[in-house]
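Chemist: Here it is, the structure, as structure tokens.
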Amino acid sequence: MENIKKTFIEVFKETDQLRAFFAPGRVNLIGEHTDYNGGHVFPCALSIGTFAVARKRKDSKIRLYSMNFSDRGVIETSLENLMYVEEHDWANYPKGVVAKLIEADALILTGFDVVFNGTIPNGAGLSSSASIELVTAVMINEMFQLKIDQVELVKLAQKAENEYIGVQCGIMDQFAIGMGKKDHAILLDCQTLEATYSPIKLEDMSLVIINTNKKRGLADSKYNDRRSECQEALTLLQQVVSIESLGDLSIEEFEKHKHVIKNDTVQKRAKHAVSENERTVLAVEKLNAGDVAGFGKLMNESHISLRDDYEVTGQELDALVQAASDAKVVGARMTGAGFGGCTVNLVHKEQLADFIERVSLQYAQQTGLKADFYTVEIGDKAKEITL
Ligand code: GLA
């Protein structure tokens, strides 16, 4: 924090009335590509995330600076000028949130200066974008005393991502970041937004995130493709069964009606969405009953479904999950959108050092890439913090 405050003073030459905010990153334990299909997800907030130090201005200028992109300098705009600008790059995320707040009639009376500093690796599938969106939303809500409910901020942040950035993401990332709870994961029904918190007591196990360090090229367009394939499957199924989303179907019902989907690829996409939703609910039941091994087994099955039916893994994620399995992991799967990014792993604590050594060696041999390992803690939701 001291460092961010120091940077703020250096960049903006102001010292008083500074306030500080934090939004976590997130990792999804199970329930992938189910959120926009009206299914369940089971993510948690992380202790790493995005910090912001900010100060209200007297005029309508908005000045944004990120310590992660210091080479880009200060990006300046104003309340009257919140259009998406390609060259503004990372700053489009906070700008999008301010634009959506104003669209929702929020009374943001003046501009502001802000310095961001993120501790989440960018583009690794741990939601650095939703994190900067939520830290902005909470910051504006507090600084301008808007009194907007946190779930509404979550929805506005998702709207910014969908309409301003142009990625058709579901609600999972923004919800996990906006509503996360220390040492708990959230079973979220994405149709109703009903959330149930499960304490994560792993006892003799560790939660390990491994970054493939494969850059996620074209991931956004492939993500949008998957969404339209699922929509196509839903429209066909709705001709024979009364459902609102793929999340309303059991795997038996799906098997009975799947013949209406003639295209094999589209059928596989829907199969994943339906089976993953069932797996997620079952996995949480197992975890709540203390059956961590059973939970781990379902994580492995989730990866296979994402690999074979949803086809969003790719060589690097598969190599990393295979290496983890060879090193006796309890459960391993890709997390987030896929196409690169990270895996999430449950590892016996006493085997951790050996696990890291074996996985890192095998992965490097197979892909020529160096994996990064993070033993993570489950953190709290986006909020104001003391400076
Ligand atoms: C990305 C999206 C989420 C979700 C996941 C896949 O993280 O932002 O809404 O769809 O992919 O589960």
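Chemist: Just the C-alpha atoms of the range 112-238: what Rg/Rh do they give, with Rh taken as the Kirkwood radius?
Modeler: The Rg/Rh ratio comes out at 0.99.
Chemist: Beta carbons within 10 angstrom, averaged per residue: use that to sort the peptides 17-26, 194-203, highest first. Could you put the intermediate results ahead of the total?
Modeler: Working: 17-26: 23.8, 194-203: 13.3.
Ranking, from highest mean packing down: 17-26, 194-203.
Chemist: Pick from GLU14, GLU278, GLU316: which is most flexible by mean-square fluctuation in a GNM of the chain where alpha carbon atoms under 10 Å apart are linked?
Modeler: Looking only at GLU14, GLU278, GLU316, the biggest GNM fluctuation is shown by GLU14.
Chemist: Moving to a separate point now. Work out the P(r) tail for the range 200-375: percent of alpha carbon pairs separated by more than 20 Å, whole number.
Modeler: The proportion of pairs with Cα distances above 20 Å equals 56 percent.
Chemist: Output the 0 to 90 degree angle, nearest 10, between the alpha-carbon long axis of helix 128-143 and the longest principal axis computed from the alpha carbons of the chain.
Modeler: With rounding to tens, the tilt is 40 degrees.
Chemist: Have a look at the range 34-87 and give its Rg and Dmax from the Cα atoms, expressed in angstrom.
Modeler: In order Rg, Dmax, the Cα atoms of the range 34-87 give 16.9, 45 Å.
Chemist: Excluding residues fewer than 8 places away in the same chain, name every one of the aspartates and glutamates whose C-alpha is closer than 17 Å to that of LYS5.
Modeler: Filter leaves GLU14, ASP16, ASP113, GLU384.
Chemist: Indicate, rounded to the nearest 5 percent, the antiparallel portion of the DSSP beta bridges found entirely in the chain.
Modeler: Of all bridge pairs located within the chain, approximately 90 percent are antiparallel.
Chemist: Keeping the other protein chains in place, figure out the carbon and sulfur percent of the accessible area of the range 1-93, with a 1.4 Å probe.
Modeler: Values: 1840 of 4030 Å².
Here carbon and sulfur together make up 46 percent of the probe-accessible area.
Chemist: If you build a Gaussian network model of the chain, linking Cα atoms that sit under 10 Å apart, which residue out of MET299, MET139, MET67 swings the most?
Modeler: It is MET67.
Chemist: Please report, to two decimal places, log10 I(q)/I(0) for the chain at q = 0.09, 0.11 Å⁻¹ as given by the Debye formula with identical point scatterers on the Cα atoms and no solvent.
Modeler: Here log10 of I(q) over I(0) equals -0.53, -0.78.
Chemist: Could you tell me how far the Cα centroid of the range 263-308 sits from the Cα centroid of the range 353-373, in Å?
Modeler: 26 Å
Chemist: Considering only protein heavy atoms, what per residue accessible area in square angstrom results for the chain with a 1.4 angstrom probe? Display every interim value, and only then the final one.
Modeler: Working: 16380 Å² over 387 residues.
With the other protein chains kept in place, the chain gives 42 Å² per residue.
Chemist: Please give the Cα centre distance for the range 1-67 versus the range 94-170, rounded to the nearest Å.
Modeler: Spelled out, the Cα-based centre of one part sits 9 Å from the other.
Chemist: So what J values fall out for the range 71-85 if you push phi through Karplus, 6.51 cos²θ - 1.76 cosθ + 1.60 with θ = phi - 60°, rounded to Hz, Gly and Pro as x?
Modeler: My calculation for the range 71-85 gives 5, 8, x, 7, 9, 10, 8, 8, 4, 8, 9, 10, 5, 5, 10 Hz in order.
Chemist: Here is a further query. Could you please state how large a percent of the accessible area of the range 200-375 is carbon and sulfur, counting protein chains only and using a 1.4 Å probe?
Modeler: Working: 3910 of 8070 Å².
Carbon and sulfur together cover 48 percent of it.
Chemist: Between LEU101, LEU153, LEU193, which gets the highest mean-square fluctuation from a Gaussian network model of the chain, Cα cutoff 10 Å?
Modeler: Residue with maximal mean-square fluctuation among LEU101, LEU153, LEU193: LEU193.
Chemist: Considering only Cα-Cα distances, which of the following residue pairs are longer than 30 Å: LYS258/LYS328; LYS222/LYS370; LYS268/LYS297? Before the final figure, lay out each step's value.
Modeler: On the way: LYS258/LYS328 36 Å; LYS222/LYS370 25 Å; LYS268/LYS297 21 Å.
Beyond 30 Å between Cα atoms: LYS258/LYS328.
Chemist: Okay, moving on. Compute the long axis of helix 92-103 from its Cα atoms, compare it with the longest principal axis of the Cα atoms of the chain, and write down the angle in degrees, 0 to 90, nearest 10.
Modeler: Around 80 degrees separate the two axes.
The values are calculated or read from the model by the stated rules, or taken from the named source; none is laboratory data. In this text, all values refer to a predicted model and were calculated from it rather than measured experimentally. Because the Cβ atoms are built from the backbone with ideal geometry, glycine has one as well, and the counts that use them run over all protein chains shown. Accessible surface is based on the protein model in full, side chains and every heavy atom, while ligands, DNA and RNA are left aside. Shrake-Rupley method; radii C 1.70, N 1.55, O 1.52, S 1.80 Å.
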